[in-house]
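Scroll down for the structure; my scribbles are underneath it.
Rule-based calculations on the coordinates, nothing more; no lab input. Everything numeric here is computed off the predicted structure, so don't read it as measured data. Glycine also receives a Cβ, built like all others from the backbone with ideal geometry; neighbour counts cover every protein chain displayed.
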Amino acid sequence: MAAQLIDGRKIAEQIHLETKLRVEKLKIKGIVPGITFIRVGEDPASQAYVRMKGKKAAEIGIHSDTIVLSENTKQEELLALIDRLNADTNVHGILVQAPLPAHISETVVFSYVNPHKDVDGFHPINVGKLMLGENNGFRPCTPAGVHELLIRSGVPTEGAEVVVLGRGNIVGKPMTSILIQKFKNANATVTLLHSRSKNIEAHCQRADIIIAAMGFAHFVKASMVKPGATVIDVGVNRIEDKNDPRGYRLVGDVDFEAVSQVAGKITPNPGGVGPMTIALLMSNTVQAAEAWAH
């Protein structure tokens, strides 16, 4: 029997409606939530992501600006721009789109954004708050989106065996931090696996929930999944496809066709985690404006 699909687009739209109501309440107080996107260079994926985020912001009543800098922009110039935005009271959220050119340090740049405007959740203060279980910081949008998918799909995490595949700073580590906290909808037993881990298949076979963010196309096979487990696919990988006009197509970390015959619940890819990332970014932006309003 095929797994139940977790529809990220549908759940994201539900969150957008909730966020829109929060925006309307702020506008009654004369506050328009505002986010500024900074893009350095002309990376096609970054262009598409920023465009999508700006479009969604407009739909729910958030003011957005996009500042595009050339590939050769010096790090000091980017930091000076962030300084200006940190001081601008009309800007509640600042998002510097990754990846940045090689000569610019993402660590330095993300640390330079005012933590109260760090709607991406990458500032060391927000990372620290997440680790400590404090809920007044910003959570990174993709793992927070995965968490919402689990909650709104009725997947219990209390005492659940969870395997997180991938130890990156954007998904793997913060995902683990969210699920191990002493909170409602957390309290999970989390095993964090990565490319150097041994017995990956055996760990996965015990899991009630698998969250795949390894960055390897179709890494999770049906043989790795316990019957009835929930499988969340965060991966975005290019594989060659001569039938596609681009010469490639995007696939996830999960072998969807095979795994969906074993899993109890599964996210499609695309249409699973991606829409949730944008939903949580918009929610974080409004959270920043609400905090400023108080």
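Residue selection: THR176 fails the criterion of being without any contact (Cβ under 8 Å) to a residue 60 or more places away in the chain, touching a strand residue (DSSP E or B) at 6+ places or on another chain (Cβ under 8 Å) and part of a loop (DSSP other than H, G, I, E, B). Run THR285 past the list (1) touching a residue at least 12 places away in the same chain (Cβ under 8 Å); (2) surrounded by fewer than 22 Cβ atoms within 10 Å (Cβ to Cβ) and report the number of the one that doesn't hold. Evaluating THR285 over (1) touching a residue at least 12 places away in the same chain (Cβ under 8 Å); (2) surrounded by fewer than 22 Cβ atoms within 10 Å (Cβ to Cβ) leaves (2) as the failure.
From the list ILE31, ILE67, ILE15, ILE104, the one residue that fits, being aliphatic (A, V, I, L, M) and assigned to a strand (DSSP E or B), is ILE67. Mind checking whether some residue in the range 72-80 is closer than 16 Å to VAL286 by Cβ, over 19 Å from the mean Cα position of the chain (by Cα), in a helix (DSSP H, G or I) and of a type in the set (A, V, I, L, M, F, W, C)? No, because not a single residue in the range 72-80 is closer than 16 Å to VAL286 by Cβ, over 19 Å from the mean Cα position of the chain (by Cα), in a helix (DSSP H, G or I) and of a type in the set (A, V, I, L, M, F, W, C). Could you tell me which residue of the range 50-61 is farthest from ALA288 (Cα to Cα), considering only residues that are aliphatic (A, V, I, L, M) and in contact with a strand residue (DSSP E or B) (Cβ under 6 Å, 6 or more places away or on another chain)? Here the answer is VAL50.
For the range 213-235, the candidate set comprises residues that are more than 14 Å from LYS265 (Cα to Cα) and in contact (Cβ under 8 Å) with a residue 40 or more places away in the chain; within that set, the residue that is surrounded by the fewest Cβ atoms within 10 Å (Cβ to Cβ) is GLY215. Scanning the range 225-259 for residues that are more than 26 Å from ALA144 (Cβ to Cβ) and of a type in the set (Val, Ile, Thr) gives a single hit, ILE239. Annotation: LYS29 fulfils all but one of (1) in contact with a strand residue (DSSP E or B) (Cβ under 8 Å, 6 or more places away or on another chain); (2) over 30 Å from GLN261 (Cβ atoms); (3) not hydrophobic (A, V, I, L, M, F, W, C); the unmet one is (1). Among the residues of the range 146-158, is any over 28 Å from SER195 (Cα atoms), touching a residue at least 12 places away in the same chain (Cβ under 8 Å) and not in a helix (DSSP H, G or I)? Within the range 146-158, one or more residues are over 28 Å from SER195 (Cα atoms), touching a residue at least 12 places away in the same chain (Cβ under 8 Å) and not in a helix (DSSP H, G or I).
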